[in-house]
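Notes to accompany the following structure.
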């Protein structure tokens, strides 16, 4: 990965990193499709605010997902279900302000599209108009085919999501791996139908790696895996997981690249100690 200097942008502060493909423009759906054809892996991470979105964009991340996972890692809920459409739009708007290069995708939260194609259309239009995101993500395959077709026919890019779909946590009886054994046929069908319905990307979550690889090989649109093995066209992780900031749930598929929680705790402890001892603020931190 190389870093080039450019004119200051709204999100980069003058520096932007480009992925290994060397693509210098905005990441779009055709770019991601070309990456699949050229067998270049797609890098995706979730974000929920301007500051982290700016850092991800500068690091060369290709796709930033404003996920309803914010209900757990930001709001402190046990599931993603309480998140509202207004909250998703707010966070996606913050993220979009920090991005110059990456494609931004926003989740449609639980209750914003299950009512049918027309409800989904109204929700998706709000997301694209009010947040600056370039696409919406919808959980579900075969059952959402009509909705996906309805949105795509009206020029709204849709990212589909099959396998372990967190909004179905109660129906699944928890966050459990999907598609094992004969159940893999249903996940395969969901993936195929979502692609045929016009989805531009497909998130594969919580499934056997062999199944995810077969799906990836069988469809023309890029797949983004999370807990789906190395055979996908790209990978996505929740930012707070990979930075070691969220400790309540530690899925097997997560790799922590930083012990962020411990570092932050130590910094705050040092700050509190210096305030209480009078070390901070020092003369260099004060105005004359």
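Summary table below
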| read-out | value |
| --- | --- |
| Computed lengthening from residue 287 to residue 153, 0.36 nm per intervening residue step minus Cα-Cα distance | 42.2 nm |
| Mean Cα-pair separation over length for the range 108-257, i.e. relative contact order, pairs under 8 Å, 6 or more apart, % | 16 |
| Size of the range 152-223 as Cα extents on the principal axes (Å, biggest first) | 35, 26, 15 |
| Helix-only CD estimate at 222 nm, as mean residue ellipticity for the chain, using -39500 (n - 2.57) per DSSP H run (n ≥ 4) | -11000 deg cm²/dmol |
| Gained length - residue 38 relative to residue 214, 0.36 nm times residue gap less alpha-carbon distance | 61.6 nm |
| Fewest-first ranking of 220, 80, 28, using other Cβ atoms within 10 Å as the exposure measure | 220, 28, 80 |
| Whole-number percent relative contact order across the range 2-257, with pairs defined as alpha carbons under 8 Å at least 6 apart | 16 |
| Structure-derived semi-axes √(5λ) of the Cα gyration tensor in Å: which label, when the choices are (i) 34, 22, 19; (ii) 26, 24, 17; (iii) 40, 24, 17 | (i) |
| Least to most buried among 271, 48, 90, 240 (fewest other Cβ within 10 Å first) | 271, 90, 240, 48 |
| Among beta bridges that DSSP assigns inside the range 2-257, antiparallel share in %, nearest 5 | 15 |
| Length released on extending from residue 81 to residue 119, taking residue separation times 0.36 nm less the Cα-Cα span | 11.9 nm |
| FRET efficiency, 1/(1 + (r/R0)^6) with R0 25 Å, evaluated for residue 168 and residue 97 via beta carbons | 0.20 |
| Ranked 265, 97, criterion: other C-beta atoms within 10 Å, fewest first | 265, 97 |
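Read-outs throughout are calculated quantities, based only on the coordinates presented, and are distinct from any laboratory measurement. None of the values given here were measured: they were computed from a predicted structure. Neighbour counts run over all protein chains shown; Cβ positions are idealised from the backbone, glycine included.
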